[in-house]
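Visitor: Handing you a structure now.
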Amino acid sequence: MRLLKLVPDNTNVPFMRWRMPALLLSLALIAASLGLLAAKGLNLGVDFVGGQMIRATFAQAAPLDAIRSRIGALDLGDATIQEFGDPRTVSIRMALPQGKGTSVDAAVERVKGAVRQASPDVRFDAVETVTGKVSEELAWDGGVSLLLAILGIAVYIWFRFEWQFGVGAILTLFHDVAITLGFFALTQLEVNLNVVAAFLTIVGYSLNDTVVVYDRIRENLRKYRKMEIVPLIDLSLNETLSRTIVTSLSIILALTILLFVGPDVIFGLSAAILFGAIIGTYSTIYVSAPMLIWLGVGPDSFVPTSAPTNAERVGERMP
Amino acid sequence: MLDFPRWKIWGIVLLCLVGIVFAVPSLFPESQTSKWPSFAPTARINLGLDLKGGVQLLLEADTADVAKQRFALKEEEVRVELRRAKPKIEIGDISTSGGRLSFLLRDPGQVDEAREVILPLTNGAGMSGQRDWTIDVVDTSRIVLTPTQAGLSNAIEQALDTATDVVRRRIDPDGTKEVTVIRQGARRILVQVPGLQDPGALKALLGQTAKLDFKLVDQTATQEQVDAGRAPVGSQILPFAEGGGKIAVRRRAMVTGDQLIDANQSYDENGAPGVAIRFDSQGGRRFATVTRDNVGKPFAIIVDDRVISAPSINEPILGGNAQITGNFTVESANQLAVALRSGKLPVELEVIEERTVGPDLGKESIRKGAIASAIAILAVMAFMLITYGRFGVYANIALILNALLILGIMAIFNATLTLPGIAGFVLTIGAAVDANVLINERIREEQRKGRKVLDAVETGYKEASTAIFDANITNVIAAALMLYFGSGPIQGFAKVLLIGIVTSVFTAVNVTRMMVAFHLRRNRPKELHI
């Protein structure tokens with residue numbers, strides 16, 4: 001049997017030749033993401049802004065307009081009504097009614113009644129009520145855990161490698177997270193607690209690739225003391241290219257299946273991790289690796305005794 | 001490389017077998033596993049509320065309420081103890097304001113005696129030797145009691161512990177249901193009731209404090225006073241639970257619900273629903289005394305400061321049995337009985353988060369999750385096979401073992417599988433082959449460089465191991481943070497990831513290595529087809 005070789009033996013792709021265009025592309029993507037975040041914002045779920053959410057599944061495609069007008073007639077304040085994962089599933093979100101206790105349930109029952117009127121063949125899958133107090137905490141915890149994850153991983157890499165690698169890791173992670181946030185701003189997929197889990201996973205797996213490449217760069221730096229940094233990084237990337245492709249493909253394969261066949265409720269989570277896996281593969285090659293050139297990693301980086309100052313190194317290696 | 005000690009082989013095989021054996025029950029429906037012989041393992045993976053359906057409430061204690069109650073209680077204690085003191089210590093102007101309880105001594109000469117009496121009313125709080133109240137004397141005749149932070153924290157801690165027990169008893173009086181009631185943080189209680197679809201009933205059960213008081217009606221109060229809400233000294237105006245209206249009652253309770261030992265829904269002589277209660281011996285005696293002394297007078301039955309009814313005492317009630325009547329339905333009488341039986345909540349609980357998941361969604365999610373997992377496993381296996389041939393088969397065996405080990409370990413620890421956990425499982429399947437990819441690619445590389453078979457395999461495993469280790473640590477960091485910061489479902493996701501990381505490294509490195517060693521020893525290939 002002939003084995004599949006997605007990447008031929010002994011490739012010699014000059015990846016680093018395109019590092020400037022790639023940098024521009026990355027910057028443009030980040031700028032676009034920030035712009036989208038500013039312009040459209042994130043579609044935050046009740047987990048993070050508080051309020052009530054009712055999720056309903058219909059036998060056929062959901063009659064969005066009928067639901068909208070029925071709920072609008074209830075005079076319960078602004079309601080956001082959108083598809084959730086697939087056209088048969090709808091999420092209805094609205095602010096908490098003022099006052100304590102029973103009024104919350106009363107509002108839910110009225111909305112349920114209105115939805116039944118719009119289409120009797122409906123199943124209510126979930127009702128969530130989150131007060132402002134809880135949602136603020138959840139948002140804070142989510143943000144803090146994401147930042148801590150980025151910092152924790154960067155510090156670990158700094159310890160295992162050199163400071164430049166740690167900085168490279170941080171920038172790579174911010175790059176991936178920013179662009180994935182942009183993806184959520186663009187698609188307006190609901191951002192809930194699950195999506196935070198997705199972001200943390202992206203942070204973990206995005207660096208998985210990067211670490212393998214860094215590991216090889218370190219190995220080659222020790223092996224080929226005389227080689228210039230640019231060809232050395234190209235060599236390392238080419239040597240690990242087959243692995244990068246095979247692993248990324250198997251992850252993407254599994255996640256694509258999850259996205260289309262798996263449970264609808266975690267569509268957002270699956271989409272985020274899938275998108276992050278793709279961005280992570282790109283950023284390994286075009287953010288993590290060239291960052292080392294810009295940060296002045298050289299043949300001496302792992303020989304601490306005779307290391308020149310970083311300023312000198314940066315000066316020498318700047319393209 | 002070829003040298004695999006026997007104990008290591010057995011260790012690996014044994015570990016895998018244990019994992020597989022424990023994974024099996026979770027793959028079959030419960031209706032079948034219950035019929036299995038008793039020696040078969042039955043521990044199975046718990047399903048989270050998002051997969052099982054049910055209601056989840058997050059309750060927060062009103063800690064200001066605890067502080068307020070402490071002041072009221074302390075004020076009462078101080079009054080009683082100073083009155084009982086010999087000689088009696090006269091006080092005036094006792095009030096709580098600005099977070100302090102203060103009163104004036106009629107005779108400033110009694111400051112030291114008053115202090116003597118009050119000191120035993122304070123208790124040690126915390127480890128620092130601090131007391132729960134500090135006592136100060138201001139302007140020679142005013143005594144000020146200030147609660148300390150340690151004392152308040154202690155009180156809140158105790159209130160929350162008691163409240164957790166009470167909540168559990170109310171939801172699950174017989175201890176037979178599969179409910180979760182756990183403390184969360186300093187002020188919260190998480191309640192999960194699988195299978196329930198009506199959060200309203202649950203909230204009604206937890207919404208009442210169930211503080212029961214029997215108080216005499218103050219018949220001296222005029223209608224104008226009641227309407228204006230101005231109670232005579234020693235009395236208070238309370239609203240009726242139903243139908244509006246107010247009534248003046250004595251502040252001091254004749255008997256309270258603290259002395260109850262049982263409460264059941266019952267019917268009165270007219271067939272109307274009520275609640276039959278029984279007092280303990282002390283409460284029963286007390287009840288007998290006050291009813292004997294007050295025959296003919298009306299008394300109020302008060303739950304949570306709302307008057308249920310105010311019947312007249314027709315005859316002394318002896319024996320400690322009584323009945324609460326009022327405007328009850330069978331359901332509301334039953335709820336009150338359960339609430340009274342479970343004891344009063346020491347603090348008011350507010351629902352700050354509420355999630356209800358329908359029963360069908362979970363079933364659908366599990367089905368779709370299982371299908372997605374199966375297809376993902378098959379797809380990744382096919383991919384490995386066409387990419388690495390024989391070595392792909394090894395990776396695939398490792399992959400299947402890995403999937404079973406994850407399920408087995410989750411079952412052993414009775415871990416909870418949540419909806420995001422399913423995503424974690426599928427992701428792990430995609431990522432688990434990474435270690436094998438790293439090893440196999442390295443072997444390919446070493447072989448290209450002209451190394452002999454054995455040497456190439458050996459170097460492949462050795463050189464790949466640092467990358468495998470470092471690459472997985474980053475995932476461990478992220479998953480650990482999710483475990484620490486995340487709420488229920490996210491923690492479920494993180495657990496699956498963590499278990500998956502450990503098992504995948506184990507299977508991908510040790511199990512495949514063993515199989516490769518067998519292959520090399522038996523067939524002694526001149527060249528590896530990889």
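A short reminder: the numbers here are calculations on the coordinates, not readings from a lab. These numbers come from a predicted model, not from an experiment. No Cβ is skipped: glycine too gets one built from the backbone with ideal geometry, and neighbour counts run over all protein chains shown.
Visitor: For a distance above 48 Å, tell me the whole-number percent of Cα pairs in the protein assembly as shown that qualify.
Guide: Here the tail beyond 48 Å accounts for 40 percent of pairs.
Visitor: Shifting gears a bit: I'd like the distance separating the alpha-carbon centroids of region A:22-87 and region B:289-306, in whole Å.
Guide: 58
Visitor: Separate question: When Lys and Arg each count +1 and Asp and Glu each count -1, what net charge do the other residues less than 13 Å away from residue B:369, Cβ to Cβ, add up to?
Guide: That sum, taken over residues with Cβ under 13 Å, equals 0.
Visitor: Among B:80, B:229, B:38, whose Cα projects farthest towards the positive end of the dipole of chain B, with charges put on the beta-carbon of Lys, Arg (+1) and Asp, Glu (-1)?
Guide: B:38
Visitor: When the convex hull of the Cα atoms of region B:104-254 is projected onto a plane and the area is averaged over all directions, what value comes out in nm²?
Guide: The number I arrive at for region B:104-254 is 14.9 nm².
Visitor: Could I ask something else about it? Rounded to whole Hz and in sequence order, give me ³J(HN,Hα) for region B:408-417 from the Karplus expression 6.51 cos²θ - 1.76 cosθ + 1.60, θ = phi - 60°, writing x for Gly and Pro.
Guide: Whole-Hz 3J(HN,Hα) from phi for region B:408-417: x, 5, 4, 5, 4, 8, 6, 5, 9, 8.
Visitor: Given Cα pairs under 8 Å that are at least 6 residues apart, what percent is the relative contact order of region B:252-312?
Guide: The normalised contact order for region B:252-312 reaches 24 percent.
Visitor: Looking at B:239, B:378, A:290, which one has the Cα that reaches farthest to the positive end of the dipole of the protein assembly as shown (charges on Cβ: Lys, Arg +1; Asp, Glu -1)?
Guide: Projecting each Cα onto the dipole axis, the largest value belongs to B:378.
Visitor: Just how large is the dipole of region B:345-420 about the Cα centre, in debye to the nearest 20, putting +1 at every Lys and Arg Cβ and -1 at every Asp and Glu Cβ?
Guide: With Lys and Arg at +1 and Asp and Glu at -1, about 680 debye.
Visitor: Then there is this: Which whole DSSP H helices in chain A pass both tests: a Cα extent of 18 Å or more along the axis and a mean Kyte-Doolittle value no lower than 0.0?
Guide: A:19-39, A:132-160, A:163-187, A:193-223, A:229-261, A:267-283
Visitor: Further, regarding this structure: How many Cβ atoms of partner chains, on average, are near each residue of A:191-202 if near means within 10 Å of its Cβ?
Guide: For this peptide, the per-residue mean of nearby foreign Cβ atoms is 6.
Visitor: Which percent, nearest 5, of DSSP beta bridges in chain A are antiparallel?
Guide: Counting DSSP beta bridges with both partners in chain A, the antiparallel share is about 90 percent.
Visitor: Based on the Cβ-Cβ distance from residue B:178 to residue A:73, what FRET efficiency comes out when R0 is 41 Å, to the nearest 0.05?
Guide: The value I calculate is 0.50.
Visitor: May I pose another question? Would you work out which of B:412, B:12, B:477 lies farthest towards the positive end of the dipole of chain B? Charges go on Cβ: Lys and Arg +1, Asp and Glu -1.
Guide: Going by the Cα projections, it comes out as B:12.
Visitor: Quote the convex hull volume per residue of chain A, based on C-alpha atoms, as a whole number of Å³.
Guide: Per residue, the Cα convex hull of chain A comes to 158 Å³.
Visitor: I would also like to ask the following. Once the Cβ-Cβ distance between residue B:367 and residue B:292 is put in as r, and R0 is 45 Å, what FRET efficiency do you end up with, to the nearest 0.05?
Guide: My answer for the efficiency is 0.10.
Visitor: Return P(r) of region B:255-295 (all Cα-Cα pairs; 5 Å bins starting at 0; whole %; ordered from short to long distances).
Guide: All Cα pairs considered, the percentages come to 5, 22, 21, 19, 23, 9, 0.
Visitor: How big is the convex hull of the Cα atoms of region B:215-338, per residue, in Å³?
Guide: Cα convex hull per residue, to the nearest whole number: 106 Å³.
Visitor: Ignoring the sites themselves, what is the longest stretch of chain B with no chymotrypsin sites (Phe, Trp or Tyr not before Pro) in a DSSP loop and at most 16 other beta-carbon atoms within 10 Å?
Guide: Formally, the longest exposed-site-free interval is B:40-412.
Visitor: Only Lys, Arg, Asp and Glu count, each charged at its Cβ (+1, +1, -1, -1), so figure out the dipole size of the protein assembly as shown about its Cα centre, rounded to 20 debye.
Guide: Rounded to the nearest 20 debye, it is 2520 debye.
Visitor: Same structure, new question: Before rounding to the nearest 500, sum -39500 (n - 2.57) across all DSSP H runs of length at least 4 in chain A and divide by the residue total; then give [θ] at 222 nm in deg cm²/dmol.
Guide: That calculation yields -21500 deg cm²/dmol at 222 nm.
Visitor: Further question: Working out 0.36 nm times the residue gap between residue B:77 and residue B:27, then minus their Cα-Cα distance, what length gain in nm do you get to one decimal?
Guide: Stretched out fully, the residue B:77 to residue B:27 stretch lengthens by 11.9 nm.
Visitor: Rg/Rh for region B:397-512: what does it come to with C-alpha atoms and Rh from Kirkwood?
Guide: Ratio value, two decimals: 1.07.
Visitor: What FRET efficiency do you get for residue B:270 and residue B:40 if R0 is 51 Å and r is their Cβ-Cβ distance, rounded to the nearest 0.05?
Guide: 0.30
Visitor: Over chain A, what is the relative contact order in percent, taking alpha-carbon pairs closer than 8 angstrom and at least six residues apart?
Guide: 24
Visitor: Where Lys and Arg each count +1 and Asp and Glu each count -1, what net charge lies around residue B:345 among other residues with Cβ under 11 Å from its Cβ?
Guide: Around residue B:345, the charge tally is -1.
Visitor: So what does log10 I(q)/I(0) come out to for region B:63-148 at q = 0.10, 0.20 Å⁻¹, using the Debye formula with one equal point on every Cα and no solvent?
Guide: Results for region B:63-148 at q = 0.10, 0.20 Å⁻¹ read -0.23, -0.92.
Visitor: Given the Cα atoms of region B:1-140, and with Rh set as the inverse mean 1/r over their pairs in the Kirkwood sense, what is Rg to Rh to two decimals?
Guide: In region B:1-140, Rg relative to Rh is 1.47.
Visitor: Taking one equal scatterer on every alpha-carbon of region A:1-85, how large is log10 of I(q)/I(0) by Debye at q = 0.11, 0.13, 0.24 1/Å?
Guide: -0.67, -0.74, -1.24
Visitor: Any idea what the dipole of region B:63-148 comes to, in debye rounded to 20, about its Cα centre with Lys/Arg Cβ at +1 and Asp/Glu Cβ at -1?
Guide: Around 140 debye, computed over region B:63-148.
Visitor: Around residue A:243, what is the net charge, scoring Lys/Arg as +1 and Asp/Glu as -1 over all other residues with Cβ under 10 Å from its Cβ?
Guide: -2
Visitor: Kirkwood Rh over alpha-carbon pairs of region B:206-262, then Stokes-Einstein at 25 °C and 0.890 mPa s: what D in µm² s⁻¹, rounded to an integer?
Guide: 196
Visitor: I would also like to ask the following. I need to check one value: relative contact order of chain B, counting alpha carbon pairs closer than 8 Å and at least 6 residues apart, in percent.
Guide: The normalised contact order for chain B reaches 19 percent.
Visitor: Which value does Rg/Rh take for region A:51-130 over its C-alpha atoms, Rh per Kirkwood?
Guide: Expressed as Rg/Rh, it is 0.94.
Visitor: Excluding residues on the same chain fewer than 8 positions from residue A:5, give the lysines whose Cα lies under 22 Å from its Cα.
Guide: Here the lysines satisfying the reach criterion relative to residue A:5 are B:449, B:452, B:526.
Visitor: Considering the Cα trace of region A:220-308, what is its radius of gyration and what is Dmax, both in angstroms?
Guide: Looking at region A:220-308, its Cα Rg and Dmax stand at 18.0, 57 Å.
Visitor: Given that compact globular proteins tend to follow 2.2 N^0.38 Å, what is the ratio of the alpha-carbon Rg of chain B to that value?
Guide: 1.44
Visitor: If eta is 1.002 mPa s and T is 20 °C, what Stokes-Einstein diffusion coefficient results for region B:1-49, Kirkwood Rh from Cα pairs, in µm²/s?
Guide: Rounded to a whole number, D works out at 165 µm²/s.
Visitor: Okay, next question. Out of the DSSP beta bridges found with both residues in the protein assembly as shown, what percent are antiparallel (nearest 5)?
Guide: In the protein assembly as shown, approximately 95 percent of DSSP beta bridges are antiparallel ones.
Visitor: Give me the Å³ per residue figure for the convex hull around the C-alpha atoms of region A:174-239.
Guide: 96
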